[in-house]
Every structure is written in structure tokens, then in C-alpha cells.
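A.B. asks: Can you keep this structure in mind? I'll have questions shortly.
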Amino acid sequence: MYIYQIMSNSFGYIDIILLGMIAGFIILRLRSILGRKTGHESKVYPGFAEKEFNIPKKEVKPVKKNLEILEGKDKKEFLRGAEIAYESILTSFASGDLIKLKNLLSPDMFSNFSEAIKTRNKEGIKSEFTFIGVKESSLEKYDKIKDNLFATVKFVAEVISVKKDKEDKIIEGNPDKIKFVTDSWKFTRNIKQKDLNWYLSEIISK
């Protein structure tokens with residue numbers, strides 16, 4: 001009877017151990033099956049929205065511009081810039097702003113403008129100037145001579161211009177009258193220099 005009880009208890013422990021082993025084996029099998037990737041899972045980009053990826057385009061080599069001519073879009077952009085320069089030069093000259101003028105004029109033209117401003121200040125002449133706007137601008141002539149480009153532009157603009165003496169008396173112009181002015185200015189730039197800006201190089205008298 002004692003031996004039977006011992007054997008009965010031993011078989012009970014063995015059964016528990018076997019059941020535990022079977023349960024562990026089943027858990028491991030389930031984990032291996034459930035943990036597998038089937039290839040149908042949705043892609044996840046952590047912290048990013050899903051993106052569309054395009055086929056990379058071939059690099060386009062920059063087209064070398066023909067500097068012998070000025071037309072189309074380049075011509076329109078040039079004239080737009082010339083109009084801005086025209087207004088800036090006139091207003092800067094009237095106010096005596098040499099810093100702005102230096103960035104818009106060729107060395108020779110800057111020297112001429114500087115002397116005119118000095119003479120004006122010495123004589124006590126005051127210049128009052130209001131730029132109304134450019135009514136028309138057109139490219140009259142365009143040349144490429146060696147490494148230099150030259151472009152002559154005709155401007156038709158509306159301005160109010162008045163000059164006063166030391167006693168503040170008007171010696172030229174009318175503060176209440178808008179007048180039309182027509183100018184032909186030649187701009188230039190050197191294509192070999194890194195600086196791509198155009199500079200006023202000549203005011204053509206007609």
C-alpha cells in the first residue's frame with residue numbers, strides 16, 4: 001500500500017511535468033507561426049506619411065545662352081530691370097545718394113554724377129523730384145563687342161522735377177505739373193566677370 005502511494009505520487013508529478021512541457025512546446029509553435037511575415041503586411045514609415053516615389057529624371061545640362069542677341073523672355077526681364085535702374089538712378093541723383101549710384105553706374109558715369117552733385121551742393125541748389133512711372137521702354141540697340149555687352153534703352157516716363165536756389169525760390173520746373181521725359185541710356189556688362197549686373201555707361205543726347 002505504501003509503495004502504491006509513492007508510485008501514484010510519482011506519476012502525478014510526472015504528469016504535471018509532461019503537461020508543462022507540452023504546453024511550452026505549443027506556445028513556442030504558436031509564437032513561431034504568428035511571428036512570421038507573410039509578405040502582405042502594409043508598409044509603415046515611422047514618423048512619415050506614406051510617400052510616392054517617382055523615377056528619377058535625367059539631369060538636364062544647362063543650355064548655353066546666345067549672347068549675340070537679346071530677345072524673348074531675356075529681353076523682357078532685361079527691360080524690366082532697366083526700368084527699375086532708371087527710376088533708382090534718377091531718384092538717387094536727386095537725393096544725392098552716392099552709395100546707390102555707385103552700384104548702378106560705370107566708373108566714368110559715377111564720376112560725372114558725383115561732380116554734378118558736388119557742384120549742386122556747392123551752389124546751394126535743391127532738387128525735388130517725384131518719379132511717377134515709366135510709360136514705355138524699348139530696346140533700341142544691342143551689341144556684343146568682345147567680352148562686353150551693350151544695350152541702349154529708350155525710356156518715356158512721367159516725373160515732377162523742381163529746382164530751388166538758396167532762398168528756396170523755384171528756378172526750374174513746376175511742383176504742380178507732371179511732365180514727360182524721353183531718355184536714351186546705354187547699359188553695359190562684362191561677360192567674363194562674375195558680376196552679372198548691368199551698369200549705366202552713357203546717356204545719349206538726341
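The values are calculated or read from the model by the stated rules, or taken from the named source; none is laboratory data. These figures come from a predicted structure and were not determined experimentally. For neighbour counting, all protein chains shown are included, and Cβ atoms are generated from backbone atoms with ideal geometry for every residue, glycine included.
A.B. asks: Would you mind stating whether GLU158 is over 29 Å from the mean Cα position of the chain (by Cα) and of a type in the set (Asp, Glu)?
C.D. replies: It is true that GLU158 is over 29 Å from the mean Cα position of the chain (by Cα) and of a type in the set (Asp, Glu).
A.B. asks: While we're on this one: Collect the residues in segment 160-172 that are part of a strand (DSSP E or B) and of a type outside the set (Asp, Glu), keeping them in residue-number order.
C.D. replies: ILE160, SER161, VAL162, LYS163, LYS164, ILE170, ILE171
A.B. asks: For segment 122-155, how many residues meet the condition of being aromatic (Phe, Trp, Tyr) and closer than 30 Å to ASP176 by Cβ?
C.D. replies: Total satisfying the criteria: 3.
A.B. asks: Next question, about the same structure. What about SER111, is it in contact with a helix residue (DSSP H, G or I) (Cβ under 9 Å, 6 or more places away or on another chain), small (Gly, Ala, Ser) and either at pLDDT below 95 or more than 30 Å from GLU167 (Cβ to Cβ) (or both)?
C.D. replies: Judged against the criteria, SER111 is not a match.
A.B. asks: Which condition number does ALA157 fail, the rest of (1) closer than 24 Å to SER111 by Cα; (2) part of a strand (DSSP E or B) being met?
C.D. replies: Unmet condition: (1).
A.B. asks: May I pose another question? From the list GLU167, GLU128, which residue is among the charged types (D, E, K, R) and in contact (Cβ under 8 Å) with a residue 12 or more places away in the chain?
C.D. replies: GLU128
A.B. asks: Based on this model, can you work out whether GLY133 counts as over 22 Å from ASN66 (Cβ atoms), surrounded by fewer than 15 Cβ atoms within 10 Å (Cβ to Cβ) and in contact (Cβ under 8 Å) with a residue 12 or more places away in the chain?
C.D. replies: yes
A.B. asks: Find the helices (runs of 4 or more DSSP H) located wholly in segment 70-150 whose residues include 2 or more that are of a type in the set (Lys, Arg), closer than 21 Å to LEU196 by Cβ and out of contact with any Cys (no Cβ under 9 Å at 6 or more places or on another chain), and list them.
C.D. replies: The helices (runs of 4 or more DSSP H) meeting that bar are 72-95, 98-102.
A.B. asks: Related question: For segment 164-185, give me each residue that is of a type in the set (Lys, Arg) and closer than 27 Å to SER138 by Cα.
C.D. replies: If the condition is that a residue be of a type in the set (Lys, Arg) and closer than 27 Å to SER138 by Cα, then LYS177, LYS179 are the ones that fit.
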